[in-house]
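Asks: Got a structure for you, questions after.
The values are calculated or read from the model by the stated rules, or taken from the named source; none is laboratory data. The structure presented is a predicted model; accordingly, all values stated were derived computationally and were not measured. Note: ideal-geometry Cβ built from the backbone for every residue, glycine included; neighbour counts use all protein chains shown.
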Amino acid sequence: MESNILFAFGLTLFAGLATGIGSFIGLLSKRFGSKFLAGSLGFSAGVMIYVSLVEIFFKAKEVLIQEYGDKPGYAYTTIAFFAGIAFIAIIDRLIPSIDNPHEIKKTKNYDSLVVNNKKLMRMGLFSAVAIAIHNFPEGLATFMAGMTNPTLGVSIAIAIAIHNIPEGLAVSVPIYYATGSKKKAFILSSLSGLSEPIGAIIGYFFLKWFFTDSVFGFIFAAVAGIMVYISLDELLPTAEEYGEHHVAIYGLIGGMAVMALSLVLMA
């Protein structure tokens, strides 16, 4: 059990620190391949959507049906799924769109922004806070998956890590332009991703006191909803903003295919 906890926490830490990779890319170069980013985000969305609807939702349903019976168990799974969507949607709505890193456009050019350093710094810091808030449930999702199914946990961690890369970019670029310090931009953007392992730790210590099969089923169903919402609200729209619609869709299908193949091989 202890080894599972350490492994799950390691996966969550890996996914969270991927914001540092995005920061590193942004600070090394002002330009990066839009096709690569669109395809990567699409791939990540495909993995998360497929595994949520085909694997996580049905695992939750199996558990809740065993606990409550066929019809009530299915109903509770569905309710928990949409509760997860509502939870992450409320978090998203509480963050002003101007400061929400999920609203960032490809065309944003910091060289041509007519704003002062204070405003740029505020933009970067608010982006960091927004990312930290969003990453809490993502951290819990990765941790729970790693605890119950290590292979599934690895797949989810990689998918979340991919979509954390542009978030690190969103934090580091304005902070760098505001301060002129690559070190400060890199550190602050990397710290924003640490909310994922923090979310995992808080979730674990909160849940372990009353962790039962039914609690597991409700949480897993909610996690499936959270991941689907993130994919549809964040990953695919961001990929589209990079102007590579078909590449994003090919990435989406590729992510689904890879996840499907891995699940078949694990069966």
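Asks: Hey, among Ser52, Ser34, which residue is among the polar types (S, T, N, Q), under 19 Å from the mean Cα position of the chain (by Cα) and either modelled with pLDDT under 90 or surrounded by fewer than 21 Cβ atoms within 10 Å (Cβ to Cβ) (or both)? Spell out the reasoning first.
Replies: Numbers: Ser34 fails: under 19 Å from the mean Cα position of the chain (by Cα).
On inspection, the qualifying residue turns out to be Ser52.
Asks: Now for a different question. For region 174-187, what are the residues that are closer than 12 Å to Phe24 by Cα, of a type in the set (A, V, I, L, M, F, W, C) and surrounded by fewer than 23 Cβ atoms within 10 Å (Cβ to Cβ)?
Replies: Once the filter is applied, which keeps residues that are closer than 12 Å to Phe24 by Cα, of a type in the set (A, V, I, L, M, F, W, C) and surrounded by fewer than 23 Cβ atoms within 10 Å (Cβ to Cβ), region 174-187 yields Phe186, Ile187.
Asks: Sort out which residues of region 224-241 are over 21 Å from Gly84 (Cα atoms) and surrounded by fewer than 22 Cβ atoms within 10 Å (Cβ to Cβ), and write them in order of number. Step through it out loud before you land on a result.
Replies: Of all residues in region 224-241, those over 21 Å from Gly84 (Cα atoms) come to 238-241.
Glu240, Glu241, listed by residue number.
Asks: Residues in region 194-205: is at least one surrounded by 24 or more Cβ atoms within 10 Å (Cβ to Cβ), within 27 Å of Gly42 (Cα to Cα) and of a type in the set (Ser, Thr, Tyr)?
Replies: no
Asks: Take region 7-31 and flag every residue that is at pLDDT 75 or above and surrounded by fewer than 21 Cβ atoms within 10 Å (Cβ to Cβ).
Replies: Residues satisfying the conditions are Phe7, Phe9, Gly10, Leu13, Phe14, Leu17, Ile21, Phe24.
Asks: Another one. Quick check on my filter: what residues within region 70-84 are buried (at least 22 other Cβ atoms within 10 Å of the Cβ) and either among the polar types (S, T, N, Q) or under 14 Å from Ile160 (Cα atoms) (or both)?
Replies: Thr77
Asks: Looking at region 168-181, is at least one residue aromatic (Phe, Trp, Tyr) and modelled with pLDDT of 80 or more?
Replies: Quick first cut of region 168-181, residues aromatic (Phe, Trp, Tyr) only: 176-177.
From what is left, the residues that are modelled with pLDDT of 80 or more are none.
Looking for residues that are aromatic (Phe, Trp, Tyr) and modelled with pLDDT of 80 or more, one finds none in region 168-181, hence no.
Asks: When the residues of region 239-267 are filtered to those that are over 20 Å from the mean Cα position of the chain (by Cα) and among the β-branched types (Val, Ile, Thr), which remaining residue is modelled with the lowest pLDDT?
Replies: Ranking the candidates gives Val264 first.
Asks: Give me the residue from region 143-167 that is under 16 Å from Ile21 (Cβ atoms) and at pLDDT 75 or above and, out of that set, surrounded by the fewest Cβ atoms within 10 Å (Cβ to Cβ).
Replies: Kept after step one, since they are under 16 Å from Ile21 (Cβ atoms), are these residues of region 143-167: 157-167.
Restricting the remaining residues to those that are at pLDDT 75 or above gives 157-162, 164-165.
Values: Ala157: 26, Ile158: 19, Ala159: 29, Ile160: 27, Ala161: 22, Ile162: 25, Asn164: 27, Ile165: 24.
Of everything passing the filter in region 143-167, Ile158 is surrounded by the fewest Cβ atoms within 10 Å (Cβ to Cβ).
Asks: Follow-up. Considering only region 100-112, I want to know if a residue exists there that is of a type in the set (Lys, Arg), assigned to a helix (DSSP H, G or I) and either out of contact with any His (no Cβ under 7 Å at 6 or more places or on another chain) or at pLDDT 90 or above (or both).
Replies: no
Asks: In this structure, does Glu67 turn out to be at pLDDT 80 or above, assigned to a helix (DSSP H, G or I) and either within 19 Å of the chain's Cα centre (by Cα) or surrounded by fewer than 19 Cβ atoms within 10 Å (Cβ to Cβ) (or both)?
Replies: Details: at pLDDT 80 or above: yes; assigned to a helix (DSSP H, G or I): yes; either within 19 Å of the chain's Cα centre (by Cα) or surrounded by fewer than 19 Cβ atoms within 10 Å (Cβ to Cβ) (or both): yes.
In short, yes.
Asks: If you don't mind, there's one more thing I want to ask. Which residues, counting only those in region 173-193, are outside any loop (DSSP other than H, G, I, E, B) and polar (S, T, N, Q)?
Replies: Just the residues of region 173-193 that are outside any loop (DSSP other than H, G, I, E, B), to begin with: 173-179, 182-193.
Correct list: Thr179, Ser189, Ser190, Ser192.
Asks: For region 194-239, what are the residues that are in contact (Cβ under 8 Å) with a residue 40 or more places away in the chain and not in a helix (DSSP H, G or I)?
Replies: Hit for region 194-239 is Leu194, nothing else.
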